[in-house]
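The values are calculated or read from the model by the stated rules, or taken from the named source; none is laboratory data. Please read these numbers as outputs of a predicted model, since none were measured by experiment. A quick note on method: Cβ atoms are made from the backbone with ideal geometry, for glycine too, and the neighbour counts reach across all protein chains shown. Side chains are part of the model used for accessible areas, which takes the heavy atoms of the whole protein and leaves out ligands, DNA and RNA. Shrake-Rupley method; radii C 1.70, N 1.55, O 1.52, S 1.80 Å.
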Amino acid sequence: MTEDLIRLSWPLERLAEALEALGHSSKLAGVTTHIKHLPSALDANDDEAVGEWISSNADQLNVEAQPVFASYAELEKVIRAIGPALIRIRVGRDVRFLALLASGRVLDPDLRKHKVSTKIICAALREPLELPLTPQLDQLLERVGVARRRRGKARQAILRERLSAVTIGGFWALRLPPGAGFFRQLQQAGVLRDTAILAVAHAVQYALGLLAWFVIGRAALEGQLDYATLVAWAMLLLTTIPLRVLTTWKQGVSAIRAGGLLKQRLLYGALRLDPDQIRHQGAGQLLGRIIETDAVETMALNGGFHGLLALIELTMAAAVLSMGAGGWLHAGLLLLWIVFALFIGWTYLNKRRHWMEQRMSITNNLVESMVGHRTRLAQEPREHWHDAEDRSLEHYFRSSKHMDRIAVLLSTLVPRGWLVIGIAGLAFDFVRGGSSTGLLAVGLGGVLLAYSALRRMAAGMAQLTDAVIAWQQVSLIFHSGALKNSIKPEVSVLKGTPQTGEVLLDGRDLAFRYNDRTEAVISGCDLRIKTGDKLLIEGPSGGGKSTLASLLVGLRQPDSGLLLLRGFDRRTLGDANWRRLVVSAPQFHENHVLSETFAFNLLMGRRWPARPEDLEECEAVCRDLGLGELLDRMPAGLNQMVGETGWQLSHGERSRLYIARALLQRADLVLLDESFAALDPENLRRALICVLNRVQTLVVIAHP
């Protein structure tokens, strides 16, 4: 490691300053509230502890800190793309941090920016791995007789082969959170800059194309078509080629970046949807929303680019028309036709919206029928199976016919109708003979240019219409990802383990009522849970047991009353910290096995990717719960794919997976809602012993 790299790095005690300076220098950070200094007991070599501190304090800057891992072989590629980021480097026993900006620049402790080679940074990160192996490799190379001048390359080749799969950590990339303003995300990702370059490049390319045809046309009409004119015409056309390449490239780059940001925002919004919103929608409605997310991305981006380019082309076509035989009156006629085209587009939007409602209704009914197919076969008379489908298809057919008529007008009448009107605008001057041949040619060229632009405009309007309608389906998901103003959590309240007998959770006069009900499900509820308590809550169905559980775990907010966890309310702790301290295994119909590995399903509430010690604990918990035989049967063990598209788990196996998932989160309070109902007596005994041995404070909900 060079001395320059040490000089540019930040010491551990100034990590708070480095985080704040990096956030502001990269234009990611908002208004700073308060950055906490590192606790003196923080181990700089503990990735989890340092990452937790960086993540929680990055939240104060309205920035998201993402831990990043890279293999030895791909380290350089990751470092080139990771900025802005904090990178931990080791200097002997000392630990320091690099504040890496984009484009390979580093921010030093004096807030000056320096260009640093990626290879130097990678060498510093690889040094702790290479240093123990270097003496052995040098001895080996000397024994086999490798020349001294070749030993360096030979050593690097051997190290690359031996360490290629080793994972290197200690990077924390700073990014705008997915819930930040979408316009700001586009700006930060460079989408707006690339779109502006796209517009300028297309305008210049279009202007050069017009100039080229103006040169050749004027020379032909004046009888001065010579070699120099042809060369000038060819040079102008050749100049448009790199501009067209630039336009296509920038359009692709902008579409990929904007589409990635949109998908990220929709995924984030889907994960933040209110559980009650999801519960009150059928599987078909949810599937329809997901399908429309792809339409929003594809249609909005393509239609937006078509619309932007059509606007540029129509502006230049109007300018050409104004210089032709028809003059400004001809350009005004084009403007009136554009207004007519927009009216056709608005009509198409309304017809398309009605058609989409019919289509979504059919999709919803189809999916719901597929889900309940067995029940339908057993309960409904055969002659009535398709009555509702026939009525829906009839409405859908009528809506499709009306929409297609307007679509034909939009795609054919708008551009071709302009050809008739535009040429008719030149007919009077042509018959009267009041304009020169050159002006008539310019006017005719303007008509053809406007025709091409209107074709592009019609295609863009059709795609934008689809995007607008699809947006109505996905806007709920998009807006649910917006950041909410809340009190920042205090990190210090998470430290330490509560002592036995200490009040862990205290609820006073809690009340909750569902929005669609007049009577409260829970009213005047008082409870106090101390560390070490083992509680059993029994009651009839519909008595509010699961609702109380959702209040305790933080899935719902009480309408009134006070609920404290370790002396702090939910606003002070924040949602993430509350759910880290109190975890639950919900009822079977509200819990799911995701289509992933068995290990991922176990550790999804803890951390991923898993470490060896995490997998060892997973296997120990599973065997204690009686899932050892299942692990032995599965060919890949913990890495076996499970879920709807993988290994099918029985009802009891799923129940014990949900219990293990809750136990592995190591929370202060574990709440199990009807988790033992599907187990036979022997597995129930084993599961209960496992839970009691591993959980300090436990609440179990069951039927009497």
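Among the candidates Ala458, Ala407, Ala470, which residue alone is open to solvent by less than 60 Å² (accessible area, probe 1.4 Å), modelled with pLDDT of 85 or more and under 30 Å from Leu261 (Cα atoms)?
The conditions single out Ala458.
Look at Ala677 and say whether it is under 30 Å from Leu505 (Cβ atoms), outside any helix (DSSP H, G or I), open to solvent by 40 Å² or more (accessible area, probe 1.4 Å) and aliphatic (A, V, I, L, M).
yes
Specify the residue that is surrounded by the most Cβ atoms within 10 Å (Cβ to Cβ); the eligible residues are those in the stretch 525-564 that are in contact with a Phe, Trp or Tyr (Cβ under 9 Å, 6 or more places away or on another chain) and farther than 20 Å from His703 by Cβ. Before the answer, list the steps.
Taking the stretch 525-564 as the starting set, the residues that turn out to be in contact with a Phe, Trp or Tyr (Cβ under 9 Å, 6 or more places away or on another chain) are 525, 544, 547-548, 550-551, 553-554, 556-561.
If we keep only those that are farther than 20 Å from His703 by Cβ too, we end up with 554, 556-561.
Numbers: Gly554: 22, Arg556: 18, Gln557: 11, Pro558: 20, Asp559: 15, Ser560: 12, Gly561: 17.
Looking at residues that are in contact with a Phe, Trp or Tyr (Cβ under 9 Å, 6 or more places away or on another chain) and farther than 20 Å from His703 by Cβ, I get Gly554.
For the structure I just gave you, tell me whether Leu603 is open to solvent by less than 50 Å² (accessible area, probe 1.4 Å), over 31 Å from the mean Cα position of the chain (by Cα) and within 24 Å of Thr497 (Cα to Cα).
When the stated conditions are applied, Leu603 does not pass them.
Give me the pairs, please: first residue somewhere in the stretch 219-243 and closer than 17 Å to Val442 by Cβ and among the aliphatic types (A, V, I, L, M), second residue anywhere and open to solvent by 40 Å² or more (accessible area, probe 1.4 Å) and in a loop (DSSP other than H, G, I, E, B), beta-carbon distance under 8 Å, and either six or more positions apart or on two chains.
Filtered contacts from the stretch 219-243: Ala219/Leu225; Ala219/Asp226.
Output yes when any residue across the stretch 565-588 is closer than 23 Å to Val691 by Cβ, touching a Gly at 6+ places or on another chain (Cβ under 8 Å), open to solvent by 20 Å² or more (accessible area, probe 1.4 Å) and in contact (Cβ under 8 Å) with a residue 24 or more places away in the chain, and no when none is.
Yes, that holds for at least one residue.
Of the numbered conditions (1) out of contact with any Gly (no Cβ under 6 Å at 6 or more places or on another chain); (2) open to solvent by less than 20 Å² (accessible area, probe 1.4 Å), Glu130 fails exactly one; give the number of that condition.
(2)
Out of the residues in the stretch 579-636 that are assigned to a helix (DSSP H, G or I) and touching a strand residue (DSSP E or B) at 6+ places or on another chain (Cβ under 7 Å), state the one that is farthest from Trp647 (Cα to Cα).
Out of the qualifying residues, it is Leu581.
Taking into account only those residues within the stretch 153-177 that are outside any helix (DSSP H, G or I) and open to solvent by 60 Å² or more (accessible area, probe 1.4 Å), which is farthest from Arg611 (Cα to Cα)?
Of everything passing the filter in the stretch 153-177, Arg175 is farthest from Arg611 (Cα to Cα).
Can you tell me which residue within the stretch 76-95, out of those that are under 16 Å from Asp47 (Cβ atoms) and touching a residue at least 60 places away in the same chain (Cβ under 8 Å), is most open to solvent (accessible area, probe 1.4 Å)?
Val78
If I ask for residues that are at pLDDT 60 or above and either in a loop (DSSP other than H, G, I, E, B) or in contact with a Leu (Cβ under 6 Å, 6 or more places away or on another chain) (or both), which ones from the stretch 479-503 would you list? It would help to see each step written out before you state the result.
Here is the first cut: in the stretch 479-503, the residues at pLDDT 60 or above are 479-482, 496-503.
Scanning the stretch 479-503 gives Ser480, Gly481, Ala482, Gly496, Thr497, Pro498, Gln499, Thr500, Gly501, Glu502.
Sort out which residues of the stretch 111-127 are open to solvent by 60 Å² or more (accessible area, probe 1.4 Å) and over 20 Å from Leu174 (Cβ atoms), and write them in order of number.
If the condition is that a residue be open to solvent by 60 Å² or more (accessible area, probe 1.4 Å) and over 20 Å from Leu174 (Cβ atoms), then Lys119, Ile120, Glu127 are the ones that fit.
Any chance you could count how many residues in the stretch 90-108 are closer than 21 Å to Arg175 by Cα and of a type outside the set (S, T, N, Q)?
The number of residues fulfilling the criteria is 11.
On the basis of being open to solvent by less than 60 Å² (accessible area, probe 1.4 Å) and modelled with pLDDT of 85 or more, does Leu238 make the cut? Can you show your working first?
On the way: open to solvent by less than 60 Å² (accessible area, probe 1.4 Å): no; modelled with pLDDT of 85 or more: yes.
Judged against the criteria, Leu238 is not a match.
So, of the residues in the stretch 611-648 that are in contact with a helix residue (DSSP H, G or I) (Cβ under 7 Å, 6 or more places away or on another chain), open to solvent by 10 Å² or more (accessible area, probe 1.4 Å) and of a type in the set (A, V, I, L, M), which turns out to be nearest to Thr697 (Cα to Cα)?
Leu615
Looking at Ile701, Ile689, can you tell me which residue is closer than 30 Å to Thr500 by Cβ, part of a helix (DSSP H, G or I) and more than 34 Å from the chain's Cα centre (by Cα)?
Of Ile701, Ile689, the one residue that is closer than 30 Å to Thr500 by Cβ, part of a helix (DSSP H, G or I) and more than 34 Å from the chain's Cα centre (by Cα) is Ile689.
Residues of the stretch 118-172 being of a type in the set (A, V, I, L, M), under 30 Å from Asn57 (Cβ atoms) and touching a Ser or Thr at 6+ places or on another chain (Cβ under 9 Å), which ones?
Those that are of a type in the set (A, V, I, L, M), under 30 Å from Asn57 (Cβ atoms) and touching a Ser or Thr at 6+ places or on another chain (Cβ under 9 Å): Ile120, Ala123, Ala124, Val166, Ile168.
Taking the condition within 30 Å of Thr547 (Cα to Cα), modelled with pLDDT of 65 or more and either polar (S, T, N, Q) or under 16 Å from the mean Cα position of the chain (by Cα) (or both), does Leu273 pass?
Numbers: within 30 Å of Thr547 (Cα to Cα): yes; modelled with pLDDT of 65 or more: yes; either polar (S, T, N, Q) or under 16 Å from the mean Cα position of the chain (by Cα) (or both): yes.
The answer is yes for Leu273.
Within the stretch 202-210, identify whether any single residue is among the polar types (S, T, N, Q), assigned to a helix (DSSP H, G or I) and either open to solvent by 30 Å² or more (accessible area, probe 1.4 Å) or free of Cβ contacts under 8 Å to residues at least 24 places away in the same chain (or both), and answer yes or no. Quick ask: steps written out before the conclusion?
At the first step, the residues of the stretch 202-210 found to be among the polar types (S, T, N, Q) are 205.
Subset that is assigned to a helix (DSSP H, G or I): 205.
If we keep only those that are either open to solvent by 30 Å² or more (accessible area, probe 1.4 Å) or free of Cβ contacts under 8 Å to residues at least 24 places away in the same chain (or both) as well, we get none.
So far as the stretch 202-210 goes, no, none of its residues is among the polar types (S, T, N, Q), assigned to a helix (DSSP H, G or I) and either open to solvent by 30 Å² or more (accessible area, probe 1.4 Å) or free of Cβ contacts under 8 Å to residues at least 24 places away in the same chain (or both).
Filter the stretch 65-109 down to the residues that are in contact with a Lys or Arg (Cβ under 7 Å, 6 or more places away or on another chain) and of a type in the set (Lys, Arg) and list them by number.
Once the filter is applied, which keeps residues that are in contact with a Lys or Arg (Cβ under 7 Å, 6 or more places away or on another chain) and of a type in the set (Lys, Arg), the stretch 65-109 yields only Arg105.
Being within 21 Å of Asp47 (Cα to Cα), open to solvent by less than 10 Å² (accessible area, probe 1.4 Å) and not charged (D, E, K, R) is true for just one of Leu98, Leu107. Which residue is that? Spell out how you get there, then give the answer.
Numbers: Leu107 fails: within 21 Å of Asp47 (Cα to Cα).
Just one listed residue meets the conditions, Leu98.
For every residue, the table says whether it meets (1) more than 15 Å from Arg7 (Cβ to Cβ); (2) among the basic types (Lys, Arg); (3) not in a loop (DSSP other than H, G, I, E, B).
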position	(1), (2), (3)
Val50	yes, no, yes
Phe69	yes, no, yes
Val78	yes, no, yes
Asp110	no, no, no
Lys119	yes, yes, yes
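Scan the stretch 333-348 and give yes if some residue there is more than 19 Å from Pro415 (Cβ to Cβ) and surrounded by fewer than 16 Cβ atoms within 10 Å (Cβ to Cβ), otherwise no.
No, the stretch 333-348 contains no residue that is more than 19 Å from Pro415 (Cβ to Cβ) and surrounded by fewer than 16 Cβ atoms within 10 Å (Cβ to Cβ).
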